[in-house]
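For reference, the structure is listed below as structure tokens.
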Amino acid sequence: MSSVLEDIRVLDFGRYIAGPYCATMLADMGADVIRIEKVTGSEDRYTAPVGDGGDGATFLQMARNKKGMTLNPRKPGGRKVLGRLIKTADVVVANLPLPTLQAMGIDYESLKAIRPDIILTMISAFGIDGPYRDRVGFDMIAQAMSGAMYLSGNGDQPTRTQVPYVDYGTALFSAFGTLAALLERNKSGRGQLVESSLFSTGLAFMSGYLIEQGVRGLNRTAQGNRGFHASPVDTYRTQDGHIMVATVGKPLFERWANLIGEPHWLEDPRFQTDQGRAEHSADISERMQQWCEPLTTEQALAALEKARLPAGPVLSPQQALDDPHAAERNLFKEVEYPGLPKPAPLVDTPVRLSVTPGGIRSRPPLLGEHTAAILGELGYSEPEIAELREEGAV
């Protein structure tokens, strides 16, 4: 079966999540992705170590379906290798500061001088212009500066989510932009710069709240898990855990009121709209908590499901791994990797195509695992490869 991107080569200079996961999505759809690391291994390879060699959990998720190559473009021999590589590439992905890209010779001007139709997907913290363009940053900085942390938590301290959603969102925006650039190149033959940033992603994901603030000036503050625009939207304690309930819209509220035995609330002027219910959410959440307290999680969810109300258990990471729905849909793929005590449960490609599906085809590479093979493909002999290694170029 053919893959959507089987004839596309991507050079992945990404670090941590935003760049690497963009390249991972392209690899899952069949692109030939070469992950290029420092000769000693890039820092993100060793974050949250799970194996004997120190390889990290995030790296295992980000590096599947990729070849592994080490390269130091700042060495003379390494710069020559880079030039040959670029001639074979369709896309370069990099989430590094612009001065670093220029020093490595992988900024857009340098790349298109070697291959005019190349696409550079460049990811940064704040973008290539504006007063913050030279700042560095991570996901949590964008969470803080987009307003998301301010509206999260219980109001006593701004709270970030441990899940780096800005990184992953930026990766997906970048993959989307890369695919759009490839479509344009197919039509016109032109390459281009695809540019995204963590800050712009954070603002995009917060846009509803930002528009509301800009138009109505509500100056919202954090209120825990309670929703700002409907109710009951909150977490509730049961006899053996917690559940999340999301009741949005009048039909759902009607079913909820009947379920908990408060049908007269349907006539209460406070609760006639989602916004009205949100403004009186403390009363609604208190009543919902009373309903949940004598029930187990299973009992509460069964009753809510019978009433066709959106709800789910608050699962621990282990419970999420053990979830029967995830197992039935094969959402995890057990992947062997040298040095791990047992296979790693990688999350498979989260989007499915019915005719040309993506998927995990190969384990993440060891450090520099494919360097010699790639150099051989570029025309280097074994003695020349040995010289490059002696120089520290690969």
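Rounded to the nearest 20 debye, the dipole magnitude of the chain is 880 debye, with +1 charges on Lys and Arg beta carbons, -1 on Asp and Glu beta carbons, and the Cα centre as origin. What share of the DSSP beta bridges in the chain is antiparallel, in percent to the nearest 5? That works out to approximately 40 percent antiparallel.
The tail of the calculated P(r) for the range 15-55 beyond 17 Å holds 40 percent of all Cα-Cα pairs. Considering only T273, A311, S354, and ranking their Cα positions along the charge dipole of the range 246-394 that arises from unit charges at the beta-carbon of Lys, Arg, Asp and Glu, the one farthest toward the positive end is T273. To the nearest whole percent, what portion of all C-alpha pairs in the range 1-157 is separated by more than 24 angstrom? Value for the range 1-157: 40 percent of Cα pairs lie more than 24 Å apart.
With contacts taken as Cα pairs under 8 Å at a separation of at least 6 residues, the range 266-394 carries a relative contact order of 9 percent. Counting only other residues whose beta carbon sits under 11 Å from that of P263, what net charge do I get with K and R as +1, D and E as -1? Counting the neighbours of P263, the net charge comes to -3.
Its DSSP H runs of at least 4 residues, each contributing -39,500 (n - 2.57), put the calculated 222 nm mean residue ellipticity of the chain at -11500 deg cm²/dmol, to the nearest 500. Dipole of the chain computed with +1 at Lys/Arg Cβ and -1 at Asp/Glu Cβ about the Cα centre; of Y16, Q289, L252, farthest Cα towards the positive end is Y16.
Once you keep just the Cα pairs under 8 angstrom separated by 6 or more residues, what percentage relative contact order results for the chain? Write out the running numbers ahead of the final one.
On the way: 699 pairs, mean separation 78.9, N = 394.
Over the chain, the number comes to 20 percent.
Each of the peptides 317-325, 27-35, 197-205 was scored by the mean count of other Cβ atoms within 10 Å over its residues; in descending order, highest first, they stand as 27-35, 197-205, 317-325.
Fewest Cβ neighbours within 10 Å first, please rank R45, R9 accordingly. Each step should come with its number before you reach the end.
Working: R45 25, R9 16.
Neighbour counts put them in this order, fewest first: R9, R45.
Using the Cα gyration tensor of the range 125-270, with a ≥ b ≥ c the square roots of its eigenvalues, what is the shape: rounded (a/c below 1.5), prolate (a/b larger than b/c) or oblate (neither)? Since a/c reaches 1.5 and a/b is larger than b/c, the shape of the range 125-270 is classed as prolate. When each of C292, C22 is scored by the number of other beta-carbon atoms lying within 10 Å, the sequence from fewest to most is C292, C22. Return, ordered by residue number, the residues of the range 203-221 whose backbone nitrogen is under 19 Å from a label point located 7 Å along Cα→Cβ of F176. Under 19 Å, as judged by backbone N against the label point of F176, lie 203-211 of the range 203-221. Counting every C-alpha pair in the range 234-382, the share spaced more than 26 angstrom apart comes to 53%.
For the range 243-305, what is one quarter of the convex hull surface built on the Cα atoms, given in nm²?
On the way: hull surface 15.9 nm².
Result: a mean projected hull area of 4.0 nm².
Rounded to 0.05, the FRET efficiency of the Q318 and L378 pair, given R0 = 45 Å and the Cβ-Cβ distance, is 0.50. Taking other C-beta atoms within 10 angstrom as a stand-in for reagent exposure, D12, D52 fall in the order D52, D12, fewest first.
A short reminder: the numbers here are calculations on the coordinates, not readings from a lab. Only a predicted model underlies this, so the values are computations on that prediction, with no experimental measurement involved. Cβ sites come from the backbone with ideal geometry, for glycine too, and all protein chains shown count toward neighbours.
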